[in-house]
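Shown next, in structure tokens, is the structure this report addresses.
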Amino acid sequence: ASGAMAHGVRSLFPVLEQHIHGTALAYLDNAATTQVPLPVLAAMRCFEEEDRANIHRGVHTLSQRATDAFERARTDLKRFVGAGPGHELVFTSGTTEALNLVANGLSAVQAGGAFLQPGDQIIVSGLEHHANLVPWQQAARRSGATLTVLLPDAQGHLHTKDLARLLTPRTRVFAVTACANATGETPPYEDLLALAAQAGALTVLDAAQAVGHAVPNLSALSCDYMAFSGHKMYGPMGTGALVGRAAALERLAPLRYGGDMVEWVSYSDAGFAALPSRLEGGTPNVAGAVAMAAAAAFIDQLGRNTIDAHVQALRAHAVAGLTAIDGVTVLAPEASASAIVSFVARDVHPHDIGTLLDEQGVAVRTGHHCAQPLLDHLKLGPTTRASFALYNTHHEVERLIAAVARALEVLR
Ligand code: PMP
């Protein structure tokens, strides 16, 4: 059944219908970015052709239509991630900007002082993408808070008992990913967030790698801030959101001061607008927001559980096939709700594997995947990473396994 879904929707993704070096493209780099289906492109185009105008300021009809489209996209995306009445969503250019908005917003000086004070503690998981680590390094440096890393064990797993040992009365922030992009590991983020919240910390979830299939349900989580990107859920690049508890978003200093986020301005001072506008200075990517909401609708039309089951089946297939190849070690082989399979091969550099796979039409990613501290901690270095989306097929997984086996024969 999971194979039938992929074949049914493939024709909606024109980019997949091409040959690379004479072979049909097998696009297995979906953790970096997913492809965009025709209905999402149509939603974007429809906005640009019929409703394009700047939002919130105009009295004219197009401006009102554009504002309505933007606010509808906000409402739709809130529903998509299970936001309740106490939640708000702020559009950003992606997960990176959303996480910077939180880290900067808690450390910047604003009326009433910065939230983070000298001697406070920030805890970040050791599985994080640089986007959920480097902003916290900067926030710690700026505020005088200390940054503590919740390290994974030698297998790359996080444990709640380890977090319990790190929490102190001064812990103000805890940040973790729903799925580690470098290894495919899926930490017990529900329990980790609940434990940190219980200890009085603000909690941050990086949902970039989950939102295309295993969409976290905000209302079921002890989560103050959740970040995600449109381009990893079949939407446009340069789109994303920070969604969270309105009371927690109220704590954030804006990242961008300027038009659209003010109530009044004098030469010497300004009063700021209410959420969500206060955190959305400047003209946003309105077509992008509309298309991102269309992507969420596309996911829900196919069924997020169906998509999740499909990508998990593809991953299980890939894990089994790759593990059977001599000298190949798959990371986080038993991870659940993951669409990522990351592996290393004895005596062979991932870059060489990636190049030989491309020659066979198979697109994968190689390197540190913006998670260098994690791969150093696990004593692994760069890896080869295949990652799956709803349009991938078991035939493509077979091609991946065969192509890796062939590449290793050539390279050894
Ligand atoms: N966090 C994770 C887990 C990611 O995989 C990525 C993208 N590779 C990001 C954050 C950053 O997302 P973006 O580049 O869309 O801002």
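Read-outs throughout are calculated quantities, based only on the coordinates presented, and are distinct from any laboratory measurement. Just so it is clear, the model here is predicted, and its values are computed rather than measured. All Cβ positions, even for glycine, are placed from backbone atoms using ideal geometry, and neighbour counts span all protein chains on display.
Some values worked out for this structure:
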{"read-out": "Additional length obtainable on full extension of the chain from Arg165 to Arg10, 0.36 nm per residue less Cα span", "value": "51.0 nm"}
{"read-out": "Principal axes of the range 34-88: Cα extent on each, largest first, Å", "value": "33, 31, 12"}
{"read-out": "Full-extension gain in nm, Leu62 to Leu151, via 0.36 nm per residue minus C-alpha separation", "value": "26.9 nm"}
{"read-out": "Bridge type composition, the chain - antiparallel percent by DSSP, nearest 5", "value": "55 percent"}
{"read-out": "Scattering profile of the range 246-315 at q = 0.27 Å⁻¹ [log10 I(q)/I(0), Debye over alpha-carbon scatterers]", "value": "-1.12"}
{"read-out": "Global geometry of the range 321-390, whether rounded, prolate or oblate, following the gyration tensor of its Cα atoms and the 1.5 cut on a/c", "value": "rounded"}
{"read-out": "Volume of the Cα convex hull of the range 134-173, divided per residue and given in Å³", "value": "80 Å³"}
{"read-out": "Rounded, prolate or oblate (a/c below 1.5 giving rounded, otherwise prolate when a/b exceeds b/c) for the range 180-251 by Cα gyration tensor", "value": "oblate"}
{"read-out": "Distance between the range 1-77 and the range 166-215 - C-alpha centres, whole angstrom", "value": "29 Å"}
{"read-out": "Rounded FRET efficiency, nearest 0.05, which uses the C-beta distance separating Thr75 from His349 and R0 of 51 Å", "value": "0.60"}
{"read-out": "Mean shadow area of the range 137-213 over all directions, Cα convex hull, nm²", "value": "5.6 nm²"}
{"read-out": "At R0 = 45 Å, FRET efficiency that the Cβ-Cβ distance of Val410 and Asn217 yields, to 0.05", "value": "0.50"}
{"read-out": "Cα-based helix-to-principal-axis angle, 394-411 vs the chain, degrees rounded to 10", "value": "70 degrees"}
{"read-out": "Max mean-square fluctuation residue, GNM over the chain, Cα-Cα springs under 10 Å, options Gln209, Gln137, Gln312", "value": "Gln137"}
{"read-out": "Taking the convex hull of Cα positions in the range 1-120, its mean projected area over all directions (nm²)", "value": "13.8 nm²"}
{"read-out": "Efficiency of FRET from Cβ geometry, Thr323 and Ala247, R₀ 30 Å, rounded to 0.05", "value": "0.05"}
{"read-out": "If the convex hull is drawn through the Cα atoms of the chain, its volume per residue in Å³", "value": "141 Å³"}
{"read-out": "Relative contact order, percent, the chain [alpha-carbon distance under 8 Å, six or more residues apart]", "value": "22 percent"}
